[in-house]
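K.L.:
The structure under discussion is supplied below as structure tokens; questions concerning it will follow.
Nothing in this text is a laboratory measurement; each read-out follows from the coordinates by a stated rule. In this text, all values refer to a predicted model and were calculated from it rather than measured experimentally. Reconstructed Cβ throughout: ideal geometry from the backbone, glycine too, with neighbour counts over all protein chains shown.
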Amino acid sequence: MISQYVKKSRSAIRSYLNNPLYYGKKKSTGRPRKVTSRDERNIIRVVSNSPKNLYDVRAELNLSVCKQTVHNAITRSGTIV
């Protein structure tokens, strides 16, 4: 049996053989992020260069997010305390 040879379940083998092009390509679930990784890097860069409040950071980068989202990005980075 193929499943014993490759050490995968029979259902996984069957799923792959039925549609090999789409096997293992799950659609991402959940809400898409409002702030991209590039935006987060820019937020950290702006905040680390000079102390600014969240409203100023948001205005300087022209982000259409609330101040809490900017705060979350700063907190998530862990580099700025």
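K.L.:
By how many nm would the segment from LYS67 to LYS27 grow when fully extended, if each residue of separation counts as 0.36 nm and the alpha-carbon distance is taken off?
P.N.:
So the extension gain works out to 11.4 nm.
K.L.:
Determine Rg/Rh for the chain; Rg is computed over alpha-carbon atoms and Rh is the Kirkwood hydrodynamic estimate from the same atoms.
P.N.:
Radius of gyration over Kirkwood radius for the chain works out to 1.36.
K.L.:
Oh, and also: Considering lysine pairs in the chain that are 8 or more places apart or on different chains, how many have Cα atoms under 28 Å apart?
P.N.:
Lysine pairs satisfying the spacing and distance rule in the chain number 11.
K.L.:
In addition: If you fit an axis through the alpha-carbon atoms of helix 67-77 and take the longest principal axis of the Cα set of the chain, what angle between them do you get, 0 to 90°, nearest 10?
P.N.:
Tilt of helix 67-77: around 60 degrees.
K.L.:
Give the average over all directions of the projected area of the C-alpha convex hull of segment 34-81, one decimal, in nm².
P.N.:
Averaging across all directions leaves 2.9 nm² for the Cα convex hull.
K.L.:
By per-residue mean of other Cβ atoms within 10 Å, what is the highest-first order of 16-23, 63-70, 34-41?
P.N.:
Packing proxy ranking, top to bottom: 63-70, 34-41, 16-23.
K.L.:
Where does the chain land at 222 nm, in deg cm²/dmol rounded to the nearest 500, when only DSSP H runs of n ≥ 4 count, each adding -39500 (n - 2.57), divided by all residues?
P.N.:
It comes out at -15500 deg cm²/dmol, rounded to the nearest 500.
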